[in-house]
Every structure is written in structure tokens, then in C-alpha cells.
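Taking it in order: structure first as C-alpha cells, then the write-up.
The values are calculated or read from the model by the stated rules, or taken from the named source; none is laboratory data. From a predicted model like this one, the values you see are computed outputs, not experimental measurements. For neighbour counting, all protein chains shown are included, and Cβ atoms are generated from backbone atoms with ideal geometry for every residue, glycine included. Just the protein is used for accessible areas: all its heavy atoms, side chains included, with ligands, DNA and RNA removed. Shrake-Rupley method; radii C 1.70, N 1.55, O 1.52, S 1.80 Å.
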Amino acid sequence: MKRLLILTGTAATLALGAAYAQDKELTIVSWGGAYSNSQDKAYHEPYEEKTGVNILTEDKSANALAGIRAQVEAGNVTWDVVDMLQADAQRACDEGLVLQIDPDEWLAPAPDGTPASEDFVEGTMGECFIPQILYSTMFAYNTEAFPDGGPSTVEDIWDTEKFPGTRALQQIPQKNLEWALLADGVPADEVYDVLATKEGQDRAFAKLDEIKDNVIWWSEGAQPPQMLADKEAVIATAYNGRIFNAQVNEDQPFEIMWDHQMFETDGWVVPVDTGEEELIKDYIKFATDTQRLADQAKYISYGPARKSSAPLVGKFEGTDIEMKPHMPTNPKNLETAIPFNVQFWADYGDSLEERFNAWVAG
Amino acid sequence: MATREDRSKAPLVAADGTPLKEALRRSQAIERRRAFALVAPLLFFLLIVFIVPIIAMMWRSIYNPEIREYLPQTASALSAWDGEGIPPEPVFQAMAADMIVGVENRTIGRAAARINREIPGARSTMMRTSRQVDEWSAPYREKFLEEDEDWANLEFWTILQRESRLITPTYYLLAMDYEYNAQGEIAPRPEVYQIYRDLFFRTAWMSLLITGICVMLAYPISYMLATQPARISNLLLILVLLPFWTSLLVRTSAWIVLLQQQGVINELLVGLGAIDSDGRLRMIYNRTGTIVAMTHILLPFMVLPLYSVMKTIPPSYLRAAKSLGAHPFRAWWRVYFPLTIPGLAAGCILVFILAIGYYITPALVGGDSGIFISNLIADNMQGSSAQLKLAAALATILLVAVLFIYWLFNRLVGVEKLKFG
């Protein structure tokens with residue numbers, strides 16, 4: 001179906017005498033599901049229509065860093081633009097696997113002329129990383145499982161007496177360890193300092209031990225809404241956009257618990273040696289301009305990374321639902337939010353991931 | 001003029017005068033070449049897609065070029081270091097020079113990533129220092145130590161010196177839950193990191209258990225298949241073959257539908273009042289799920305060889321034994337069972353070796369207690385902290401283990417006894 005769309009799109013633009021030849025192609029790697037869909041609608045399809053460039057997509061972002069490493073090492077880079085987490089992008093950048101980026105040369109300025117380097121949310125632009133969205137990972141639950149009201153704090157998640165049932169957690173140490181420490185009483189601003197010590201790590205794993213028997217693990221973003229819908233789990237950690245999608249498009253009785261949500265940035269990197277640099281630059285300039293980032297928020301509840309896009313965010317496509325209250329960046333949702341510490345995980349990710357895997361399988 | 005005796009001693013010759021032996025050899029050589037030409041495409045195919053990648057994988061599990069390649073001067077300066085106290089100025093000078101080159105080529109992060117695996121946080125220290133080092137001048141030692149106390153960490157330098165080797169057993173040690181300690185001796189890893197040995201044993205015993213269950217289930221069904229009239233046995237055979245033809249993923253997902261907490265079986269039990277709704281059984285996302293789903297998927301591999309062997313055993317043998325006075329069990333045990341061993345052996349080796357490398361089913365229904373070593377190999381190939389070399393070491397160990405089991409099986413049972421149908 002998609003190929004058909006692309007083909008007809010290409011044919012239409014050719015007929016109109018588009019500037020680019022039809023054999024131009026870009027391979028874009030992303031996360032799949034509702035998220036890729038929002039990118040399709042907001043960036044890919046308009047770009048194909050405008051230029052006639054054929055955009056191919058792959059849903060490989062969950063293994064993006066390993067994939068880029070392998071491709072660069074083998075000297076055969078087939079991915080042109082890759083959607084990646086900021087922590088992974090930082091590592092890829094340090095290892096020389098992705099291109100360095102000059103925001104003002106690569107990116108379009110805001111409509112009022114503000115240069116791109118000043119138009120993105122502070123701390124999100126990287127040496128090699130172009131932010132697109134702010135998204136959040138937080139707990140969500142199925143309201144049918146808790147007729148008297150669901151959990152409202154991270155401590156409640158650990159309270160299996162008051163809120164019985166299975167929890168579905170993502171099978172990575174990131175965020176789970178932070179929440180474990182928060183539930184154990186560590187103040188939010190000390191979480192990463194505590195987690196950097198061996199005692200802190202022991203403490204986090206001990207806290208996770210308390211609920212281990214009530215936990216099942218997920219690895220793909222599409223799984224938690226499915227597990228909640230099946231009632232295989234009653235509480236799940238999830239990406240906020242996926243839960244929103246299930247609430248609105250599938251009418252699921254899900255509720256998001258915003259307490260201590262962890263928000264982070266997702267965006268583009270460009271692997272070295274793709275041989276398509278000019279075309280890629282052209283695409284990225286188009287896909288990250290103010291209007292495009294605001295458009296994406298019509299299809300998924302992730303906050304645009306450009307400050308100038310925020311006022312343009314409107315309603316969910318085809319409905320009357322205002323998107324602003326569902327954004328992780330909405331002030332009310334941000335009250336107890338914790339910024340995900342990219343630097344900490346770049347340093348401690350290796351050893352904590354190893355320990356976490358051993359703990360899960362043990 | 002030759003006598004009769006002479007002629008008999010003279011070599012036999014073909015029509016064109018060449019000795020017969022020679023002619024035979026020549027004509028056979030042509031045959032052999034023709035036969036080889038027929039096999040050559042397969043050999044070539046195997047070489048390209050199978051043997052070369054396996055050798056490349058094994059090579060990767062011991063090859064350790066990062067430090068040598070990205071910190072070349074430091075590596076050679078460190079080779080003279082005796083390991084006592086903080087290294088002398090030339091080492092720091094070499095490090096500074098390497099860093100300047102590394103920042104320019106953007107390869108310093110690769111060396112930093114390698115060391116960060118051994119010392120969490122070393123990456124930051126290296127990256128931070130490398131950003132400033134081009135503004136410094138000799139002597140470097142104090143500047144490094146001033147910049148960050150991590151540079152005074154002896155362990156850092158010991159590891160750097162050790163990992164300057166191009167060939168390293170590090171990944172095999174990790175794969176067996178061992179590591180080098182601060183003194184450079186091989187020691188068990190801290191308990192919280194130990195996992196791979198347990199996983200290897202779990203994979204082996206669960207595969208054995210699944211093979212055992214398959215034997216228990218497949219033996220009677222195969223016997224029925226082989227002895228019932230065609231009308232019934234054809235129907236039964238369809239029941240065995242239909243799942244065999246169904247995709248692995250479909251069958252695994254079907255078990256999820258059946259076994260999950262809101263699944264068919266739990267609903268049925270709750271509906272019947274056998275369990276109450278809060279006490280739903282957890283039959284999936286754990287060891288039970290893996291065993292049930294894998295037994296189902298591998299069962300045909302046991303039934304088919306058993307059936308094909310049983311089909312060839314004349315029923316008159318059993319009747320003869322019984323008519324000679326043997327108890328039915330004794331007749332079965334002494335006459336029938338030994339005749340089924342070739343099929344049983346084939347089924348067992350098939351199921352066991354398939355099970356030991358299973359990946360998708362444990363990943364989908366295994367939860368945390370039902371995963372296999374292959375899932376850990378996959379983990380080490382993907383994800384952001386992917387350790388391809390550790391994955392290669394684990395995979396090599398698994399391969400060697402399977403070859404060893406096959407060898408052992410061959411010694412005990414004999415491959416020539418196998419009958420697959």
C-alpha cells in the first residue's frame with residue numbers, strides 16, 4: 001500500500017515536471033508504529049510530493065547504534081538518516097560514526113528569523129544530533145483494573161497490596177533504576193548521584209527485587225498498550241504517544257500517570273559516508289522546519305523540539321481533541337518530571353545494562 | 001617372440017596400448033571431476049555463506065584492535081611501563097599526541113568506548129580531557145592529573161596496557177563469567193554480573209527436558225500411527241503434519257492466546273470455577289511457556305523418524321515373542337524397542353540440537369526465567385551497548401558445545417544407526 005502511495009506520488013510529481021529525478025532515494029530509519037506514521041504524514045509525504053525523491057523507511061531504530069556501528073565498520077552504509085535517542089547519538093558522535101552538524105547551516109531559521117541554533121529547546125541540540133520531539137516515558141494503567149482510582153505516585157507502583165496485578169516494564173535499566181530509587185525515597189535531584197555509586201545501584205536493584213515477581217518485560221513500544229488492553233498487565237511503563245494513540249484511536253480505558261515522568265529527546269543523525277550528503281541536508285532542512293515539527297504534533301502527542309513550533313500545535317488530526325494538554329511538555333504534566341540524564345547513561349550504560357540483564361535472567 | 005609366461009607377466013593394456021590400470025585411473029578421474037563439478041556449486045555456496053562467516057565470527061571473538069589502532073603511541077609507550085605507580089611522562093605525552101589525532105579523526109570515542117566497558121565513567125574523563133589537550137604543552141603528566149583524578153587511577157593504566165594486545169581472551173572469560181581483576185589475575189566476576197554459565201546450563205537442561213517430553217509424547221502416537229489401519233493413521237498423521245506446516249511465529253503466538261492470564265485456558269478454568277479470578281495461573285512469560293510451546297513445535301521432528309522406523313517393523317515379531325511365552329512388556333522391551341532405536345536416536349538428536357539453538361520462541365514466551373543463551377547472544381548484538389565480540393565468543397562456545405554433543409552422540413549411538421525416514 002505504502003509503495004503504491006509512493007509510486008503514485010512520484011508519478012504525480014513527475015507529471016508536474018518536478019525538479020528532481022525520480023531515481024533519487026533516501027533510506028530513513030525510525031521506530032515504526034504510530035510514531036513512524038506521524039513522520040510519514042508530517043515530513044515524508046510532503047517531501048516526496050515537493051521533490052519527487054523516493055523515501056524508503058526501515059523500522060530499526062531500536063538497534064540503531066549497533067546498526068550504524070556495523071555499517072560503518074563494514075564500509076557499507078545504507079542508512080541515510082536515522083532517528084535515534086540522544087544518549088545513543090552522543091556515543092555515535094564521539095565514535096565518529098555520524099556527521100557533525102552546524103545548526104545554522106543545516107537547518108531552516110524560525111519564521112520570525114531566529115536562527116535555528118537559538119530556536120530549539122535548551123540542551124537538546126547535539127554536536128551531531130538534530131532534535132525533533134520531546135517524548136516521555138511514564139506509567140499508564142488500565143482504569144478497569146482499578147475501579148476505586150489508580151496509582152498516582154511512583155510509590156504506588158511498588159504498592160502491590162493496594163494496587164495488585166502485573167506491571168509491564170521496559171527491559172532496559174534506563175528509567176527503571178531511576179524510578180526504583182525515587183520509590184525508595186531518594187529526592188529527584190539526587191537520583192543520578194546516588195545511582196553513580198555502588199551502594200546506590202545495589203539499592204535500586206534491591207527495590208526492583210520487591211516487585212520482580214509481579215513484572216513482565218517489554219522491548220517494543222507497541223507492546224505495553226497491547227499488554228494493558230489484554231490485561232496481561234494492569235500497569236505499564238510506556239511512551240506517552242503510544243498510550244495517547246490507544247486512548248484516542250482505539251478507545252482503550254487507559255490513564256496516564258504523569259508523576260515523575262521521564263522526558264527525553266529523540267531526533268535525527270546522519271551516518272558518515274552515505275554519499276548523499278546534499279540530498280540529506282535538503283531533506284533535513286525541510287523536515288525540521290517550524291511548520292513540519294508543528295504538523296507532526298497533529299498525529300502524535302509528542303512535543304516539538306522547536307520553540308517556534310509550540311504555538312502552532314493544534315488539534316489531533318480529524319478530531320476536536322486539543323493536543324496541548326497531552327504533551328509531555330505541558331506545564332501540568334511537567335510538575336514532577338525528571339529530565340533523563342543522557343551523560344550519565346553514556347558513562348554507566350554498559351555496566352548497568354550488563355548487571356540488569358543478569359538480574360532479569362537470574 | 002614372447003612366451004606364454006612372459007605375456008602373463010606383462011601388464012594388461014587397453015586397446016590404445018596404455019596399461020589398463022592407467023586407463024582405468026584416467027577414466028575414473030574424469031568421473032571424479034564430473035562428480036566434483038556437480039557438487040562444486042554447493043561447496044562454493046557453503047564456503048561463501050557458511051564457513052567464511054563462521055570463521056569471521058570466531059576471529060572477531062578474540063581480535064582486539066581498538067587500543068592499538070586508536071591509541072598507538074600510548075600502547076607502545078605503555079609496553080615499557082612496569083605497572084608500578086602512575087606511569088611516567090612519556091606515557092602521558094603519547095596519550096596527548098594520540099588524543100589530538102583522535103579528536104581530529106573523531107576516533108577517540110572508539111578507544112574511550114572500549115575502556116568504558118571496563119571502567120564505567122572512563123569515557124567521560126577521556127572525552128573531556130581530549131577536548132582540551134591541544135591547548136596544553138609539555139610536561140603533560142601534571143596537567144592530566146590536575147584535570148581529573150581518574151588519570152591517577154592505576155587500574156585504568158593496567159587495563160590500557162593489558163588491552164593493547166591484538167589478540168585477547170577477554171571475551172571468552174566474560175562468556176564464562178570470569179574477568180581480569182585489578183592485579184591482572186583471572187577471577188570470577190562479581191556475582192551480580194554472573195549470568196552466562198547459568199544460561200548455558202539452563203539451555204542444556206531445558207533442551208534435554210523438552211527432548212524427554214517429546215519422546216514420551218511421540219512414542220505412543222508413532223506406534224499408533226504405524227499400527228492402525230490406514231484410514232485412522234492418515235487422519236492422525238494429518239494432525240501431526242498440519243502444525244508442522246504452520247509457521248513458527250503463528251504457533252508461538254497461538255500459545256500466547258491460549259496460555260496468557262486472560263487467555264482461553266484461564267478463562268475456561270475460571271468459568272468452571274476451578275480457580276478464582278484473582279488466582280489465574282501464570283503459564284506463559286516464564287519457563288512453563290517455553291517448555292510447552294517448544295515441545296509442541298519440535299514434536300513432529302520426533303514423531304516422523306519414529307513413525308518411519310516403526311512402520312518397517314513386522315508385527316509378526318511381537319506376536320512370535322508372545323507366542324513363545326514372553327510377557328507383553330518383555331516382548332516389547334526385548335524385541336520391539338531395540339528395533340525402534342534408530343528412529344528414536346534420530347528424533348532425539350534432531351530435537352535436542354534444534355532446541356539448544358532456539359531463539360524466537362523463548363524470546364516471545366520465555367519471560368525472564370525461560371530465555372535461552374541464544375537470546376543473550378542476540379541481546380549482545382543489538383541494543384545501544386552492543387558487544388559484538390562477546391556475542392561472537394558466546395556463539396563460538398555454543399557451536400563448539402553442539403559439535404561436542406554430536407561427537408559424543410556418535411560415539412555412544414553411532415551416526416550410521418540414524419534413520420530419518
Stokes-Einstein diffusion coefficient of the protein assembly as shown, Kirkwood radius over Cα pairs, 25 °C, 0.890 mPa s, in µm²/s: 80
Ordering of A:271-282, B:195-206, B:225-236, A:90-101 by packing [mean C-beta count within 10 Å, highest first]: A:90-101, B:195-206, A:271-282, B:225-236
Residues whose placed amide H lies under 5 Å from that of B:Tyr178, excluding near-sequence neighbours: B:Arg189
Pairs of lysines in chain B (C-alpha under 22 Å apart; 8 or more residues apart or interchain): 4
Dipole-positive endmost among B:Ala393, A:Ser152, B:Trp245 within the protein assembly as shown (Cβ charges, Cα centre): B:Trp245
Theoretical ellipticity at 222 nm over chain B - DSSP helices of four or more residues, -39500 (n - 2.57) apiece, nearest 500: -21000 deg cm²/dmol
Cα-based reach from A:Lys50 at 13 Å (exclusive), listing aspartates and glutamates while leaving out same-chain residues under 8 positions away: A:Asp282
Other protein chain Cβ atoms within 10 Å, averaged over every residue that makes up B:383-395: 5
Helix A:342-361 vs. chain A, principal-axis angle (Cα, 0 to 90°, nearest 10): 60
Amide H partners (placed H, <5 Å) of A:Val215, local residues excluded: A:Arg167
Listed residues A:Gln39, A:Gly221, A:Trp359: farthest to the positive end of the dipole of chain A (Cβ charges): A:Gln39
Pair B:Leu154, B:Met216: separation of 7 Å Cα→Cβ label points (nm): 5.7
Among B:Ile377, B:Ile48, B:Ile405: highest mean-square fluctuation, GNM of chain B, C-alpha pairs under 10 Å: B:Ile48
Reach of A:Lys298 by Cα under 19 Å, taken over lysines that are not fewer than 8 positions away in the same chain: A:Lys41, A:Lys307, A:Lys315, A:Lys324
Residue-averaged beta-carbon neighbours from other chains (10 angstrom radius) around A:342-350: 5
Projected area, mean over directions - the range B:197-417, Cα convex hull, nm²: 16.3
Peptide B:106-114, shielding by other chains (average Cβ, 10 Å cutoff): 5
C-alpha long axis of helix B:20-46 to longest principal axis of chain B, angle in °: 60
Aspartates and glutamates whose Cα lies under 16 Å from that of A:Lys207, excluding same-chain neighbours fewer than 8 positions away: A:Glu155, A:Asp156, A:Asp159, A:Glu161, A:Glu178, A:Asp184, A:Glu199
Rounded Å value of the spacing that divides the Cα centres of the range A:56-85 and the range B:362-382: 23
Note, ³J(HN,Hα) from phi for the range A:252-258, Karplus 6.51, -1.76, 1.60, rounded to Hz, x at Gly and Pro: 7, x, 9, 10, 8, 9, 7
Long-range HN-HN contacts of A:Phe120 with modeled amide H, under 5 Å: A:Lys307
Part-to-part distance (alpha-carbon centres) for the range B:87-117 and the range B:238-280, which is given in Å: 57
GNM result for chain A, Cα springs below 10 Å: residue of A:Ala222, A:Ala294, A:Ala66 fluctuating most strongly: A:Ala66
A/B buried area, accessible surface, summed, 1.4 Å probe, Å²: 3400
Filtered GluC sites (Glu not before Pro), the range B:40-122: DSSP coil and at most 13 other beta carbons within 10 Å: B:Glu84
Inter-site label distance for A:Glu199 and B:Ile341 at 7 Å from Cα along Cβ, in nm: 6.5
Point-to-point label distance, B:Gln262-B:Ala14, nm (Cα→Cβ direction, 7 Å offset): 8.0
Helix axis angle, B:388-412 relative to chain B longest principal axis, alpha carbon, degrees: 30
